[in-house]
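Read through the structure below, which is laid out as structure tokens, and then see the notes.
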Amino acid sequence: MRSASDITVRSRAAAVLGALVLGAGLAACSDSEEPETAPPPRTTHGPTGSATPAPPPTHPFTGERKGLNNPVLAVKIENTRPALPQSGVKAADIVYVEQVEGGETRLMAVYSSELPRRVGPVRSARISDLHILPQFGRPAFAFSGVQSKMKKHVRNAPVYDISQENAGGAYFRSGSKPIPYNLYADPRDLLKRAPKAAKPRDIGFRFGEPPPGGKPTRSFTARWPSATMGFTWSKKQKRWLASFDGLPDRAAEGGRLGGETVVVQYARTTRSKFRDFLGSYTPLIHTTGTGRALVLRDGKAYRAKWSRPAEKEGTTFTTPDGEPMTFAPGQVWVVLVNDGKPYIP
């Protein structure tokens with residue numbers, strides 16, 4: 001027969017055990033109903049061993065903090081007087097300017113961090129595009145079409161072909177411009193047709209404070225046989241304002257086109273095996289290898305060197321001393337001009 005003291009001890013033990021079980025149950029309920037506490041920021045250790053927070057991630061195309069995981073979309077855009085003003089170029093992360101037949105130029109706008117409502121006028125692709133794009137992984141590539149001899153090259157390229165032929169529902173005619181300068185596309189609709197398009201990756205750009213040196217520069221003009229593009233520094237807007245053939249290059253959405261950084265990349269340009277419908281040869285811009293560059297940022301011009309060992313690798317830019325050439329955060333224009341005299345096909 002149990003004594004009163006034994007019963008008292010066992011009762012107290014049971015009460016304590018019950019309280020512990022109840023507390024654990026409440027804790028479990030609390031964890032299931034409230035979000036977990038965010039983990040502390042990562043830290044890095046300096047030479048002295050002191051811990052400092054790691055810098056937050058930034059977009060590899062712009063050095064900014066938005067749209068870090070958005071897919072990559074490249075769009076081919078007309079860049080002649082009948083096509084102006086263009087739509088959607090202001091929202092691009094990177095704008096490539098490439099020479100095409102007849103000494104004219106065409107743009108290839110690369111989007112990831114944000115998308116415009118529409119983009120265009122969309123025009124046909126060129127062989128140089130297929131040599132530039134592999135550094136982005138396998139992006140979505142929008143264009144109005146290509147000549148028949150080039151179709152197999154598009155099929156073999158590491159891109160998702162969302163041309164007008166394959167994604168016609170994302171394209172539409174708009175405005176008073178005549179064909180072929182009135183074809184536009186909805187970028188969001190385009191990306192729905194390339195659900196596996198590559199996410200942004202390191203393509204060699206580095207962003208940060210400007211390096212020492214640089215020559216104060218008010219403006220620069222890039223020249224091709226039949227076109228010019230100028231860039232004038234705006235201290236007020238803290239970016240380079242674009243002009244086309246001597247006139248302000250305005251956006252359809254309002255304001256001037258232009259970017260925080262303009263890279264004038266001197267690349268050897270030769271004749272490709274392709275021709276347009278008039279019989280003019282298509283230029284081939286060689287964007288692998290090494291060469292010289294001029295980087296415009298913060299009202300200064302910096303001499304630089306570019307290097308791209310292979311098409312699937314990014315393009316790095318360095319100062320004459322071999323240090324990384326940093327860009328100003330924001331939109332980057334890469335203006336491809338022939339290394340030497342303007343190339344005349």
Item to check | Selection within segment 175-219 - among the hydroxyl-bearing types (S, T, Y) and surrounded by fewer than 14 Cβ atoms within 10 Å (Cβ to Cβ) | outcome: S176, S219
Next on the checklist: Are there strands (runs of 3 or more DSSP E) fully within segment 234-345 with at least 1 residues that are of a type in the set (G, A, S)? List them.
Outcome noted: 239-244, 261-267, 269-275, 289-297, 300-308
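Taking segment 133-162 only, how many residues are assigned to a helix (DSSP H, G or I) and hydrophobic (A, V, I, L, M, F, W, C)? Spell out how you get there, then give the answer.
To start, the set of residues in segment 133-162 that are assigned to a helix (DSSP H, G or I) comprises 133-136, 148-156.
Checking which are hydrophobic (A, V, I, L, M, F, W, C) leaves us with 133, 136, 150, 154.
Residues flagged as assigned to a helix (DSSP H, G or I) and hydrophobic (A, V, I, L, M, F, W, C) within segment 133-162 amount to 4.
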Next on the checklist: Could you list, ordered by first residue, the pairs with Cβ atoms under 7 Å in which the first is in segment 319-339 and touching a residue at least 40 places away in the same chain (Cβ under 8 Å) and the second is of a type in the set (F, W, Y) and in a loop (DSSP other than H, G, I, E, B), at least 6 apart or interchain?
Outcome noted: F327/F205; V332/F205
Checklist entry - Just for segment 238-249: of the residues that are in contact (Cβ under 8 Å) with a residue 12 or more places away in the chain and surrounded by fewer than 18 Cβ atoms within 10 Å (Cβ to Cβ), which one is nearest to P116 (Cα to Cα)? => result K238
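For the condition touching a Gly at 6+ places or on another chain (Cβ under 7 Å), closer than 27 Å to G258 by Cβ, modelled with pLDDT of 95 or more and crowded, with 20+ Cβ neighbours inside 10 Å, what is the one hit in V110, V119? Give the steps one after another, and end with the answer.
Numbers: V110 fails: touching a Gly at 6+ places or on another chain (Cβ under 7 Å).
Just a single option satisfies the conditions, and that option is V119.
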Next on the checklist: Looking only at segment 220-237, filter to residues that are surrounded by 13 or more Cβ atoms within 10 Å (Cβ to Cβ) and β-branched (V, I, T); which one of those is nearest to R256 (Cα to Cα)?
Outcome noted: T232
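Looking at segment 163-185, which of the residues that are within 16 Å of L107 (Cα to Cα) and among the aliphatic types (A, V, I, L, M) is farthest from the chain's Cα centre (by Cα)?
To start, the set of residues in segment 163-185 that are within 16 Å of L107 (Cα to Cα) comprises 163, 180-185.
In the following step, the residues that additionally are among the aliphatic types (A, V, I, L, M) were identified as 183, 185.
Details: L183: 22, A185: 18 Å.
Ranking the candidates gives L183 first.
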Item to check | Unique match (being farther than 30 Å from Q147 by Cβ and more than 22 Å from the chain's Cα centre (by Cα)) among P320, P345 | outcome: P320
Checklist entry - Quick one: how many residues across segment 253-275 are under 16 Å from W224 (Cβ atoms) and exposed (fewer than 15 other Cβ atoms within 10 Å of the Cβ)? => result 3
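The values are calculated or read from the model by the stated rules, or taken from the named source; none is laboratory data. This is a predicted model, so every value here is computed, not measured. Using ideal geometry, Cβ is built from the backbone for each residue, glycine included, and neighbour counts are taken over all protein chains shown.
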